[in-house]
Amino acid sequence: MSERTSLDTICASLCTIMGVDIPKCAAAPCQVLTDYADNAFAGERADRIFMYNPDAIAEWIYRKYPQFTAAMTARTDFELPLDCVMPSVTPVCFGTMYTGAQPDIHGIKGYKKPVIQIDTIFDAIIRSGKKPVIIAQTESSLAKIYLERDMDYFIYDTVEEIHAKTAELIMADEYDFYVVYNDTYDTIMHRYGPESTEALAALYANAQTFAEMSVLIEKHWKQHNTVVGFAMDHGCHEIDGGCGSHGLDMDEDIQIVHRYKAYPKSM
Ligand SMILES: [Zn+2]
């Protein structure tokens, strides 16, 4: 087993950064991430967290093609290499990201999208009196596995609608914890391969979109201590026929890199 930090630390880290009680089954927080926010906010808690969740952008893709993620890396300054969980597929990994629990505990152990029944970050945030929101694509894992909570969900067929709604919500500034999903790299990588022109264009577009959202956040959330994250679920590898896949216990599928930035309040 590797010595890398597990994806299961993210949930408790985000709760700690916000000053929210940690969900019941969550693994301990990642100290370097919580220390990063503590230092940025001089010991204060964050009152906004914005998680941008692109699907399937592997560490090896991020390392090999920095030119296509430059807009995102310029807008983040904390890099956190992580190992996702097995099987390395979307509902399993996003299940772990927002419960802090291993698949055996949160209950999604394959490519299925049931509503998670255990305590989640969304439940913990609601209990603390704060408002979470999910903006995701129709039929995606993030549009399904965290349903049935007393919170708002904005589910759309297209990424353009997701982006437009997200921009509107950032400017309205009525929620405390945002989860925004983007499936394009994953969908295109499966069809054309992880290093295809089409997939790398999707990688570039994800970085651009994240940067655009970061500009809006910096402009409209000056009164908040905010953390933004560029946080994928798992990686990917090339398979025969020029296609892409994931789900295996191999470095290409397991190793990912989250990027974060803290914006201390400035008014
Ligand atoms: Zn995925």
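The values are calculated or read from the model by the stated rules, or taken from the named source; none is laboratory data. Being a predicted model, the structure only gives us computed values, none of them experimental. Note that we place each Cβ from the backbone using ideal geometry, even for glycine, and neighbour counts take in every protein chain shown.
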Looking at region 160-174, can you tell me whether even one residue there is touching a Phe, Trp or Tyr at 6+ places or on another chain (Cβ under 7 Å), outside any helix (DSSP H, G or I) and more than 14 Å from the ligand (Cβ to nearest atom)?
yes
Select from region 225-244 the residues that are surrounded by 20 or more Cβ atoms within 10 Å (Cβ to Cβ) and away from the ligand (no atom under 15 Å from the Cβ) and write down the one among them that is nearest to P103 (Cα to Cα).
G229
Can you work out which of the residues in region 246-267 that are surrounded by fewer than 19 Cβ atoms within 10 Å (Cβ to Cβ) and not in a helix (DSSP H, G or I) is farthest from the ligand (Cβ to nearest atom)?
M267
Evaluation of I155 against (1) within 16 Å of the ligand (Cβ to nearest atom); (2) within 22 Å of V92 (Cβ to Cβ) (one fails), failing number:
(1)
Search region 141-153 for residues that are part of a helix (DSSP H, G or I) and pair each with any residue that is more than 16 Å from the ligand (Cβ to nearest atom) when their beta-carbon atoms are under 6 Å apart and the residues are at least 6 apart or on different chains.
A143/I155
If you check every pair at least six apart or on different chains, which have Cβ atoms under 8 Å apart with a residue in region 178-191 that is farther than 14 Å from A205 by Cα and part of a helix (DSSP H, G or I) first and a residue that is at pLDDT below 95 and within 11 Å of the ligand (Cβ to nearest atom) second?
none
Here the residues within region 138-169 that are crowded, with 22+ Cβ neighbours inside 10 Å and of a type in the set (A, V, I, L, M) are L142, I145, I162
Considering each residue of region 70-93, count those that are assigned to a loop (DSSP other than H, G, I, E, B) and closer than 19 Å to D253 by Cα, and give that number.
6
Among the residues of region 225-264, the number that are closer than 22 Å to V32 by Cα and in contact with a strand residue (DSSP E or B) (Cβ under 8 Å, 6 or more places away or on another chain) is 20
Among what's in region 81-103 and is among the small types (G, A, S) and at negative phi, pick the residue that is farthest from the ligand (Cβ to nearest atom).
A101
Qualifying residues in region 30-64 (those that are part of a loop (DSSP other than H, G, I, E, B) and more than 16 Å from the chain's Cα centre (by Cα)) - the one surrounded by the most Cβ atoms within 10 Å (Cβ to Cβ):
A46
Scanning region 158-167 for residues that are of a type outside the set (S, T, N, Q) and either touching a strand residue (DSSP E or B) at 6+ places or on another chain (Cβ under 7 Å) or modelled with pLDDT under 95 (or both) gives V159, I162, K165
